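> First, the structure itself, so that you have it in front of you.
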Amino acid sequence: MKRALQTATLLLIAASFLLHWKLAAEAGSLRQDTAVLQLRLICQQRDAEALRQQLAAPPAGSGETRATTAPSGSPTQAEQVRARELLEREVEQVRGLKFLQPLVYRSMKSAEFKNFLVKKIREEYTPAEVRDYSRSLAMIGLVPEGVDFEARVMEVMDEQVAAFYDQDKGELYTFTDSPLTGNLNRMILAHEMTHALQDQHYHIQRWPLKRKDDDDLVSAHMAVLEGDATVTMQDIYKRALHWKTALADLQTALAQDMGKLARAPRYFRDMLLFPYQEGRAFIEELQRIGGPALVDRAFQKPPTSTAQILHPEKFYPKRQEPAPAEPEVKTEPGWRRLESNVVGEFGVIVLLRQYGHETDAAAIAEGWRGDRYAAFEAAGGDGWLFWRSIWASEAAAKRFANAYRDVVTRRNVRRQPAVTLELKQNGSRVDVALRTPPATSETGTAPARKQ
Ligand SMILES: [Zn+2]
């Protein structure tokens, strides 16, 4: 499911970035010569308008979108293509890489996106696999029990995706009825163009983004991709910045409907935002300490854990790879294996924050060195979780053990029949064996039994 989340460019990011910039500008850290800016702004607005028109019109030679009538005086097709080319050159310059092949542009109507996404998910996951995965996450405590994982992911994606780069085909998609205008369009296009550059230079198809047994590794790889694209997007935006447009853009971004994202289970929201927010901070830190060469290194040999993203010193100068961890599994005949996966440092943060550890979650999770869990379903429908984690020290293991006991106690306040926990802490190792009664769905009814 990580990969389904990965296709998006988030308006929310645009909003949070603009807000961030606004604060920075107020602090006076981004002063530029006003006259030059005014001049650039005029050029920029012309480009942006051309781009907007380009997005509203069907691409040349494509029969897949309904033709829209362009207002009189709008730029010609040639002008629109020119505007896109200009932006491509700008992205090349800012990112320091050149397109090796011409970028293919496609467009679709927003209404078509849901089907497109379902198809993408179905290429990799059966509905049963999605259910097993979401039940496993619920056993740990990461998502509410019985959550309709796929439906919730769809909702959020449908609301938040403004454009995307299809890695499988190497094509950049926009929406014909996109509500975005001006600089926001430029930012989002620049972000997606950066993904195309990454793909052409670093062969993202070969990255282990489709691995189903190490979410932590997938998140770390995604943070490199999204962090880099977000930094490029933000640099392009800063080049053409004007105070008034920035405020207008901020308003546009904030006016986007984010209700579904706001109402989504916290795990979805945090996991969705992680590659953009923490990835951006990670890439900026690499740029600061080692320049483009170090960013290049992150693409040549990407980080393998969210711990490395959160603490760049665990990536450079010396990589700290996750400690191997295999849970001790005790199963009985007739049990079915649902999942084997890694929670990771960021996953632990998200988990603890949901259960009363808002302020010390990051400090506790910082001691993470490695983990793996295996989840099973017993013949009668009970869920079993075996989870081993390795910590930096005995003290760090103890802190996590206490916090996790807390998580289960708090869960049991809400849940009847209760979850039973057996937790052993031995030196720097914590072993969890947890039994959960059959899950109930979000609406409170038991889901149909599956075999
Ligand atoms: Zn992206």
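> Within the set of pairs 6+ apart or on separate chains, which have a first residue in segment 113-135 that is more than 18 Å from residue 156 (Cβ to Cβ) and in contact (Cβ under 8 Å) with a residue 12 or more places away in the chain, a second that is outside any helix (DSSP H, G or I) and among the acidic types (Asp, Glu), and C-beta atoms under 6 Å apart?
That search, which allows pairs on different chains as well, returns 132/339.
> Separate question: Do the conditions hold for residue 251, that is, is it modelled with pLDDT under 80, away from the ligand (no atom under 16 Å from the Cβ), assigned by TED's automatic domain parsing to the domain that holds residue 139 and part of a helix (DSSP H, G or I)? Break it down into steps so the answer makes sense when it comes.
Details: modelled with pLDDT under 80: yes; away from the ligand (no atom under 16 Å from the Cβ): yes; assigned by TED's automatic domain parsing to the domain that holds residue 139: yes; part of a helix (DSSP H, G or I): yes.
Judged against the criteria, residue 251 is a match.
> While we're on this one: Does segment 340-363 hold any residues that are on the phi > 0 side of the Ramachandran plot and in contact with a Lys or Arg (Cβ under 8 Å, 6 or more places away or on another chain), and which are they?
Listed by number, the list holds a single entry, 356.
> Quick check on this structure: which one of 172, 197 is farther than 18 Å from residue 107 by Cα, in contact with an Asp or Glu (Cβ under 8 Å, 6 or more places away or on another chain) and either within 13 Å of the ligand (Cβ to nearest atom) or part of a strand (DSSP E or B) (or both)?
197
> Also, quick follow-up: Answer yes or no: is there a residue in segment 238-246 that is under 22 Å from the mean Cα position of the chain (by Cα) and at pLDDT below 80.
No, every residue in segment 238-246 fails to be under 22 Å from the mean Cα position of the chain (by Cα) and at pLDDT below 80.
> Quick one: would you say residue 156 is closer than 27 Å to residue 233 by Cβ, assigned to a helix (DSSP H, G or I) and in the same structural domain as residue 102 (by TED's automatic domain parsing)?
Values: closer than 27 Å to residue 233 by Cβ: yes; assigned to a helix (DSSP H, G or I): yes; in the same structural domain as residue 102 (by TED's automatic domain parsing): yes.
For residue 156, the condition - closer than 27 Å to residue 233 by Cβ, assigned to a helix (DSSP H, G or I) and in the same structural domain as residue 102 (by TED's automatic domain parsing) - is met.
> Here is a follow-up. Going by what's in this entry, would residue 205 be described as more than 12 Å from the ligand (Cβ to nearest atom), in a helix (DSSP H, G or I), farther than 30 Å from residue 136 by Cα and modelled with pLDDT of 80 or more?
So residue 205 does not fit the description; no.
> In addition: Of the conditions (1) closer than 30 Å to residue 284 by Cα; (2) modelled with pLDDT of 90 or more, residue 140 satisfies every one except a single condition; which number is it?
Status for residue 140: all satisfied but (1).
> Can you tell me which residues in segment 293-319 are in a helix (DSSP H, G or I) and among the aromatic types (Phe, Trp, Tyr)?
Initial filter on segment 293-319 (in a helix (DSSP H, G or I)): 293-300, 306-310, 312-314.
Once the filter is applied, which keeps residues that are in a helix (DSSP H, G or I) and among the aromatic types (Phe, Trp, Tyr), segment 293-319 yields only 299.
Let's see how each residue does on (1) of a type in the set (Asp, Glu); (2) modelled with pLDDT under 85; (3) more than 11 Å from the ligand (Cβ to nearest atom); (4) closer than 30 Å to residue 375 by Cβ:
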position	(1), (2), (3), (4)
162	no, yes, no, no
176	no, yes, yes, no
179	no, yes, yes, no
189	no, no, yes, no
201	no, no, yes, no
213	yes, no, yes, yes
216	yes, no, yes, yes
219	no, no, yes, yes
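> Quick check on residue 165: is it surrounded by fewer than 22 Cβ atoms within 10 Å (Cβ to Cβ) and assigned by TED's automatic domain parsing to the domain that holds residue 260?
Details: surrounded by fewer than 22 Cβ atoms within 10 Å (Cβ to Cβ): no; assigned by TED's automatic domain parsing to the domain that holds residue 260: yes.
No, not satisfied.
> Give all pairs with beta carbons closer than 6 Å in which a residue from segment 188-203 that is aromatic (Phe, Trp, Tyr) meets a residue that is more than 9 Å from the ligand (Cβ to nearest atom) and at pLDDT 95 or above; count only pairs at least 6 apart in sequence or on separate chains.
Listed pairs, sorted by first residue: 202/299.
> Within segment 261-312, track down each residue that is in contact (Cβ under 8 Å) with a residue 60 or more places away in the chain, surrounded by fewer than 16 Cβ atoms within 10 Å (Cβ to Cβ) and within 21 Å of residue 137 (Cβ to Cβ).
Scanning segment 261-312 gives a single hit, 266.
The values are calculated or read from the model by the stated rules, or taken from the named source; none is laboratory data. These figures come from a predicted structure and were not determined experimentally. Positions of Cβ are generated from backbone atoms using ideal geometry, with glycine treated the same way; all protein chains shown enter the neighbour counts.
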